[in-house]
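*Asks:* Here it is, the structure in full.
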Amino acid sequence: MDAVTLGVDFGTSNSAAAVVENGQLRRLPIEDGAETLPTAVFFPTGGGRMLIGEAAGHALIEGEDGRYMRALKSVLGTPLFHEKRLIGGKRQTLSDVVTAFLFRLRERAEAELGRKVSGVLSGRPVHFHSADPARDAQAEADLRGCYEAAGFTDISFLNEPEAAARASLGTGHPGEVGLVVDIGGGTSDFTLFRTGDSGIEVLASHGIRLGGTDFDSAISLSHAMPLLGHGGQLKREMGAGLLPMPVAVYADLSTWAKIPFLYTPETRRAVAHLLRDAVEPEKVARLAEVLEHELGHELAFAVEKGKIRANGLEGGEAMIRMTMIKRGLGAPVTPGTLAAALEDARNALLKAAAETLEMAGMSPAQVDAVILVGGSSLMRMVGDVARTLCPEARIETSEAFTAVVDGLALTLADGR
Ligand SMILES: Nc1ncnc2c1ncn2[C@@H]1O[C@H](COP(=O)(O)OP(=O)(O)OP(=O)(O)O)[C@@H](O)[C@H]1O
Ligand SMILES: [Mg+2]
């Protein structure tokens, strides 16, 4: 039987694979019958087999000893991606880790299809790194290298929002203009397109490096980290007066991709110094506890859950449950404090969406439909942005988590 080419959406938070078989779109259950899997890995201490997806998350939550990693896509194109580190008991790079993830994905797809997988049409954000073309090109080269090392031979890329636009064809009418707004975990991507009789015409694509993981960071820094001493003060070793608490460790602890690299003797020593000089040592002691017991990812999951719950509220408050640090500890999030934490992000999204129209020389009134894609498009503010920019357009919600992979597979099938 012929080898197959897979459509793969390698996402910052979630990944998926699909093909078209006998004219039918088929999303492959890479894990446990689910159509998508978290882009996460877990290396058990002692060298057991690397876990991926939900299984990796379970191992973390169950408190198994090992190294958990998520949001690896955001490191593509940076020097960190090729630095050798001790991960899972052996010296390896993040490039090796992504390769192992993609290798496993290919293996499971082959088992599911009963055929060899030779090629891949992979999604990519319009810009992995906004405003840095060299880094952006390096990010695609890094990802290509990982696919190659994972055994894919024929490798090509398509902009993620363009793939989503192709998947949305069924909802469009010929001649209509649509704007895909794909807000994921790591990037926000936009494609303005016109629907034709047998395909779409891309009018402009644009993207910025801002997504749900950045929303998590902003919410963590404004809501959770103050309980760990962020924004506090230090007594001077000599002399009078107080110093502001350094921000770096709190910023890294709020950033999914950086958490694993905080668990070093150097960082723990630095935090012990902060603890000694802190005006509020009881708060910095919680930071020390998080590093000591490697609770950073659990805390990040709690912040993400708090974000999603608060987003669903009309009033009242949701809790970021920080009970992994101390019984009863939590940070309330209200719709108001959520909106305040995300105000800069909201403005950046509105600006980027407007720029996409400008790139094509179109006015908002010419847009017939805005199609919301990506997990973070479920944030209320994203719908608000769409309505603010294009008040007359229909707002369509697509399959938030699978529109991109569907579009990739459909593109392979009929080159639409
Ligand atoms: N119900 C929800 N409300 C708000 N945000 C959500 C919801 N569900 C998931 N998210 C957020 O969506 C993001 C993941 O979305 P998605 O899976 O589309 O990203 P991705 O495709 O992996 O990332 P990218 O395309 O940027 O590489 C996460 O930041 C997550 O917190
Ligand atoms: Mg995505």
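*Asks:* Using square roots of five times the C-alpha gyration tensor eigenvalues, list the equivalent-ellipsoid semi-axes of the range 84-172 in whole Å, biggest first.
*Replies:* Output for the range 84-172: semi-axes of 25, 21, 11 Å.
*Asks:* So what are the ³J(HN,Hα) numbers for the range 326-333, from phi and the Karplus equation (6.51, -1.76, 1.60; θ = phi - 60°), rounded to whole Hz, Gly and Pro as x?
*Replies:* Running phi through 6.51 cos²θ - 1.76 cosθ + 1.60 with θ = phi - 60° gives 8, 3, x, 6, x, 10, x, 10 Hz.
*Asks:* Which percent of Cα pairs goes in each bin when the distances of the range 316-416 are cut into 5 angstrom slices starting at zero?
*Replies:* Going from the shortest bin to the longest, the percentages are 2, 10, 15, 16, 16, 15, 9, 6, 5, 3, 1, 0.
*Asks:* Take the eigenvalues of the Cα gyration tensor for the range 212-341, scale each by 5, and report the square roots as semi-axes in whole Å, largest first.
*Replies:* 26, 16, 12
*Asks:* Suppose all protein chains stay in the model; what accessible area per residue would a 1.4 Å probe give for the chain, in Å²?
*Replies:* The answer is 43 Å² per residue.
*Asks:* Report the label-to-label distance for D384 and T93 in nanometres (one decimal), using points 7 Å from each Cα along the Cα→Cβ vector.
*Replies:* Label-label distance for D384 and T93, simple model: 4.3 nm.
*Asks:* Under a cut-off of 16 Å between alpha-carbon atoms, report the lysines in cross-link reach of K73, not counting same-chain residues fewer than 8 places apart.
*Replies:* Cross-link targets: K258.
*Asks:* Using the scaling law 2.2 N^0.38 Å as the reference, what is the normalised Cα Rg of the chain?
*Replies:* This ratio for the chain stands at 1.02.
*Asks:* Find me the longest stretch of the chain that has none of the exposed GluC sites (Glu not before Pro), where exposed means in a DSSP loop (not H, G, I, E or B) with at most 10 other Cβ atoms within 10 Å.
*Replies:* 63-236
*Asks:* What are the ³J(HN,Hα) values, in whole Hz, obtained from phi via the Karplus relation 6.51 cos²θ - 1.76 cosθ + 1.60 with θ = phi - 60°, for each residue of the range 249-258 in sequence order, with x given for Gly and Pro?
*Replies:* 5, 5, 5, 5, 5, 8, 10, 2, 5, 9
*Asks:* Here is a follow-up. Note down the accessible area of S222, probe 1.4 Å, to the nearest 10 Å².
*Replies:* The value for S222 is about 60 Å².
*Asks:* For the chain, what does the helix formula give at 222 nm: sum of -39500 (n - 2.57) over DSSP H segments with n ≥ 4, over the residue count, nearest 500 deg cm²/dmol?
*Replies:* -11500 deg cm²/dmol
*Asks:* With label points built 7 Å along Cα→Cβ from the Cα atoms of D2 and A111, find their separation and express it in nm.
*Replies:* Rounded to a tenth, the inter-label distance reads 2.6 nm.
*Asks:* Decide, for the range 122-226, between rounded, prolate and oblate: order the square roots of the alpha carbon gyration tensor eigenvalues as a ≥ b ≥ c, take rounded if a/c falls under 1.5, and otherwise choose prolate if a/b is larger than b/c, else oblate.
*Replies:* Verdict is oblate for the range 122-226.
*Asks:* How far is it, in nm, from the label point at S363 to the one at H82 when both lie 7 Å from their Cα along the line to the Cβ?
*Replies:* Result: 5.0 nm between the two label points.
*Asks:* Please list, in chain and number order, the residues 5+ apart from A204 or on another chain whose amide H is under 5 Å from its amide H, with Hs placed from the backbone.
*Replies:* Those qualifying (amide H under 5 Å, at least 5 residues apart or on another chain) are L192.
*Asks:* So which aspartates and glutamates pass the test for K235, namely a Cα distance under 19 Å, with those fewer than 8 places away in the same chain ruled out?
*Replies:* Of all the aspartates and glutamates, those that pass the test against K235 - Cα under 19 Å, at least 8 places apart if same chain - are D277, E280, E282.
*Asks:* Count neighbours as other Cβ atoms within 10 Å of each site's Cβ, and list the trypsin sites (Lys or Arg not before Pro) in the range 1-100 that are DSSP loop with at most 12 such neighbours.
*Replies:* Taking the range 1-100 and a limit of 12 other Cβ atoms within 10 Å, the loop trypsin sites (Lys or Arg not before Pro) found are R49, K84.
*Asks:* If you don't mind, there's one more thing I want to ask. With every protein chain in place, what's the accessible area of S13 (1.4 Å probe, Å², nearest 10)?
*Replies:* 20
*Asks:* Can you sort F261, F42 by 1.4 Å-probe accessible area, starting with the largest?
*Replies:* Result of the area sort, largest leading: F261, F42.
*Asks:* Please report, ordered by residue number, every helix of the chain (full DSSP H runs) that is 18 Å or longer along its axis going by C-alpha atoms and whose mean Kyte-Doolittle hydropathy reaches -0.5.
*Replies:* Counting only whole DSSP H runs, the qualifying helices are 94-113, 296-311, 343-359.
The values are calculated or read from the model by the stated rules, or taken from the named source; none is laboratory data. Fair warning: this is a prediction, and the values are worked out from it, not measured in the lab. Because the Cβ atoms are built from the backbone with ideal geometry, glycine has one as well, and the counts that use them run over all protein chains shown. When the accessible area is computed, the model is the full protein with side chains, heavy atoms only, and any ligands, DNA or RNA have been set aside. Shrake-Rupley method; radii C 1.70, N 1.55, O 1.52, S 1.80 Å.
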